Each structure stands twice: as structure tokens, then as C-alpha cells.
Amino acid sequence: MPLPPGYTLVALDRVESTQEEAARLLQQGKAKNRTVVTAKSQTKGRGRYGRDWVSAEGNLFASLVLCPAGDLSGWGQLGFVASLAVAEAIRKILPPESKVQLKWPNDVLVDGKKIAGILLEIKSDPQGKDVLILGFGVNGVSHPEQAEIPATDLKEQKAEKTEPEAVLEAVMAAFEGYYELWQEKGFAAIREPWLALAKDLKKEVAVRFAGKEIKGEFVDIGSDDGALYIKKAGGQTERIACGDVYFSHQ
Ligand code: BTN
């Protein structure tokens, strides 16, 4: 499976989590910048906020070890880079009429249902330098039925390919393009195409974070950090750095 030049693949069978495996290889000095760790299945796949990520064989589970330039505070932007790349990759293998969208901060949706998720974690290399482990899961042939957000998979959406290797190849090709763009032009070059695919931009949404929920119009994402901007009924705009968006009409 050809990855873009400069990337190394470590393909494993059954692991607890590719995030753990990538971190372990990094600690042992065996995973350098741009190493992609994949597994056929995960026994303890994890999502954002410590949620479980259902990880049956046939879906894609990958963790990319990345040493981005610049300050750690800007690395959150790479979740937007990755979700945009996944959206572009799956758009190419889905029927042309499929509606591929992005849900803040980093979920990829098809026909309003979640098909892929991104997880960003910071770990240290043996020298103590910060390294990003960017995990992504794409539902190829199965999806959880009882998810908080309705889910789907590539097979259900009649994709022309569902094999994890083919999906990874498409995702990494798109990722390399957007990663280069981010490195050269910064977040502004990512934010625009991300917003163009954003579900419910300028519409009413509900956002849950820190144990509370606010409702309002999804007006924008931050130009430097991708934070969510919600305009409440009273007219004031609230900035939300992390949380989950629920669509009012779901
Ligand atoms: C989310 O939407 O909550 C993020 C899901 C991230 C899942 C991927 S699958 C590969 C990698 N290994 C994990 O344990 N999680 C990420």
C-alpha cells in the first residue's frame, strides 16, 4: 500500500489501541516523524473524552506520529487538517451524490451520520520533546448502532472501496496535500475549505461542554484555533474551545 513519500507504515494485527502502540514505539525510539501505525482491530479503541471507539475488523484504525513545526498551541489545527483530508478521501470513493460534511471539531459525516473521527494526543519522545499522535478511525464495513451521534459506514453508503488499506492510502494522500498547505500557508488555508463543508453553519445548534449545554447559531470557527463561535438568542456570541455539537433538528 503506497503511502506518500516520507511516511513509514507499521501494520499490526490486534492491539488495544493504535494510539497506545504509536506512543509505545515513540518511547522506544522506534517511531519517527510520519510513522503511521495501523491495526486490523482494537480491543480498547478510544474516542474523544475517553469514550470507546468500537473497533471491529474491516474498519480503518490508524495513528500518525507527527512532529509539526511551531508551537504546541497551534497543533489543534491539525484536527481540522485531518478531518478535511478524510472528508476529501472518502468523497472520492463514495457515489457523487453523497453528502460529505464536517461536524465541529473533527467529525466526518455522510448524510448527517458519523463515518469517521479524529483523536489528537500529545506524547513525549525519549528526549522529552512533544510529539503529536493523530488518530483516525474510518468506518468501512460496520458502525455502532447505539451511538450518541447516529453513525454509518462506507459499505452502507455504497462506496466503491471499503478495504482499510485502500481507505488509508486515500486518506494519507489527501492528508499530505493539506498538511503541506497548512505548513506553507497556515490555518487560514484550511479553515476556509473546512467551513465550506461544515454542517449547519449559520443554523441553530446545541453545544454540550463542561457539563452544560448552550443553543444558538453556529456563526464561525476561530481564525487561529478553530474554536466554535455560537450566537445566542440574546445576541451575544460565545466562544467554545472544546465540546460536542448536536444539531437542533436531529
Ligand atoms: C472520536 O471521534 O471520538 C475520535 C475517534 C478516534 C478513533 C481512532 S481509531 C485509531 C485510533 N486509535 C484509537 O484508540 N482511537 C483512534
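The values are calculated or read from the model by the stated rules, or taken from the named source; none is laboratory data. Quantities reported herein were computed from a predicted structural model and do not represent experimental measurements. Cβ sites come from the backbone with ideal geometry, for glycine too, and all protein chains shown count toward neighbours.
Could you count how many residues in segment 1-17 are within 9 Å of the ligand (Cβ to nearest atom) and out of contact with any Gly (no Cβ under 6 Å at 6 or more places or on another chain)?
Residues flagged as within 9 Å of the ligand (Cβ to nearest atom) and out of contact with any Gly (no Cβ under 6 Å at 6 or more places or on another chain) within segment 1-17 amount to 2.
Identify the single condition in (1) farther than 17 Å from Lys199 by Cα; (2) not in a loop (DSSP other than H, G, I, E, B) that Gly140 does not satisfy, given that it satisfies every other one.
That leaves (2) as the condition not met.
Please verify whether Arg239 is touching a residue at least 12 places away in the same chain (Cβ under 8 Å), outside any loop (DSSP other than H, G, I, E, B) and in contact with an Asp or Glu (Cβ under 6 Å, 6 or more places away or on another chain), treating the condition exactly as stated.
Here the answer is no, as Arg239 does not meet what is asked.
Could you list, in sequence order, the residues of segment 182-221 that are part of a helix (DSSP H, G or I) and closer than 22 Å to Ile149 by Cα?
Result: Trp194, Leu195, Ala196.
For residues in segment 110-141 being surrounded by fewer than 17 Cβ atoms within 10 Å (Cβ to Cβ) and among the small types (Gly, Ala, Ser), which is nearest to the chain's Cα centre (by Cα)?
Gly112
Check Glu180, Glu176 and return the single one that is assigned by TED's automatic domain parsing to the domain that holds Arg24, surrounded by 14 or more Cβ atoms within 10 Å (Cβ to Cβ) and over 15 Å from Gly117 (Cα atoms).
Just a single option satisfies the conditions, and that option is Glu176.
Scanning segment 104-124 for residues that are within 20 Å of Ala227 (Cα to Cα) and out of contact with any Phe, Trp or Tyr (no Cβ under 8 Å at 6 or more places or on another chain), which turns out farthest from the ligand (Cβ to nearest atom)?
Leu109
Just need a number here: residues in segment 18-70 that are within 10 Å of the ligand (Cβ to nearest atom), in contact (Cβ under 8 Å) with a residue 60 or more places away in the chain and polar (S, T, N, Q).
Number satisfying all stated conditions: 6.
Looking at (1) under 18 Å from the mean Cα position of the chain (by Cα); (2) modelled with pLDDT of 95 or more, find the lone condition where Ala159 falls short.
Of everything listed in (1) under 18 Å from the mean Cα position of the chain (by Cα); (2) modelled with pLDDT of 95 or more, Ala159 misses just condition (1).
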